[in-house]
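> For reference, the structure I am asking about is given below.
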């Protein structure tokens, strides 16, 4: 029988808040209850925003909560070749293409299309890719790359879905509207997602799939805000011949106005709460119903 493997994977671009504490505690306690391993990963591929000081603070906060991880911390910045290899494999399958539009140009394209009808949004509310780079002649692509133009590497979702066929994932939690059990993958809703950039070997979607596979993660426990991202991850897992973990999406910790917490929300930051005199036991008590109800 395969030993269960869970993970907590924060980005060291800010301090942890109560939402992170909930996710970390759920993963840690579920791993221990299942006799499995709990891994810690730093998603620090964005070198412009991630800082060693934030990583040190994360390690300190987790230790303060009484969370212990198994084995060394995996840092994405130390494994860039793993992502380059995955991106190259998708390229060799002719499932990716470079798009050269700037954010301003993409916004203009969306506005132009919406002068006729509302342009579709992905599950995060962001307009799906409106460009036509998929049809760009190969010679033009190579010429623009050769002269150093900035670009994003996008997954041709139409071709990818043709390649994989219908997919699903096993959900032992629930989605934002109560979805659970066997969930059908709907990657077309995301359009041609970014999987890499000229200056970065992987997007979040690609890196998380590669990391989970290489670390042998069997259970992904994370917030409901990432529920529909699983569709993209399942497609990438199938294309890269990676096994699919079991997923469990938990509720989000919201602020007083019902919004998802961010790392800039000092009022719910663990370091701020600790400064106010709250103990790790107090934090666990605040999140007790969620943690113990899911283990």
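> For the range 99-172, please list each of the helices (runs of 4 or more DSSP H) lying entirely inside it that holds at least 2 residues being under 18 Å from residue 205 (Cα atoms) and either assigned by TED's automatic domain parsing to the domain that holds residue 203 or more than 23 Å from the chain's Cα centre (by Cα) (or both).
Answer list for the range 99-172: 157-164.
> Suppose we filter the range 91-113 for residues that are under 25 Å from residue 236 (Cα atoms) and either surrounded by 14 or more Cβ atoms within 10 Å (Cβ to Cβ) or in contact with a helix residue (DSSP H, G or I) (Cβ under 7 Å, 6 or more places away or on another chain) (or both); how many remain?
Counting residues in the range 91-113 that are under 25 Å from residue 236 (Cα atoms) and either surrounded by 14 or more Cβ atoms within 10 Å (Cβ to Cβ) or in contact with a helix residue (DSSP H, G or I) (Cβ under 7 Å, 6 or more places away or on another chain) (or both) gives 10.
Every residue, every condition in (1) under 14 Å from residue 23 (Cβ atoms); (2) in the same structural domain as residue 50 (by TED's automatic domain parsing); (3) without any contact (Cβ under 8 Å) to a residue 40 or more places away in the chain, yes or no:
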| residue | (1), (2), (3) |
| --- | --- |
| 202 | no, no, no |
| 205 | no, no, yes |
| 222 | yes, no, no |
| 235 | no, no, no |
| 252 | yes, no, no |
| 260 | yes, no, no |
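> If you don't mind, another one. How do the helices (runs of 4 or more DSSP H) wholly within the range 194-295 filter down when requiring 2 or more residues that are at pLDDT 90 or above, within 30 Å of residue 148 (Cα to Cα) and touching a strand residue (DSSP E or B) at 6+ places or on another chain (Cβ under 7 Å): which remain?
204-214
> Exactly one of these conditions fails for residue 53: (1) crowded, with 20+ Cβ neighbours inside 10 Å; (2) at pLDDT 95 or above. Give me its number.
So residue 53 meets the others, but not (1).
The values are calculated or read from the model by the stated rules, or taken from the named source; none is laboratory data. Note that the structure is predicted; figures quoted are calculated from it, not measured. Backbone-built Cβ (ideal geometry, glycine too); neighbour counts: all protein chains shown.
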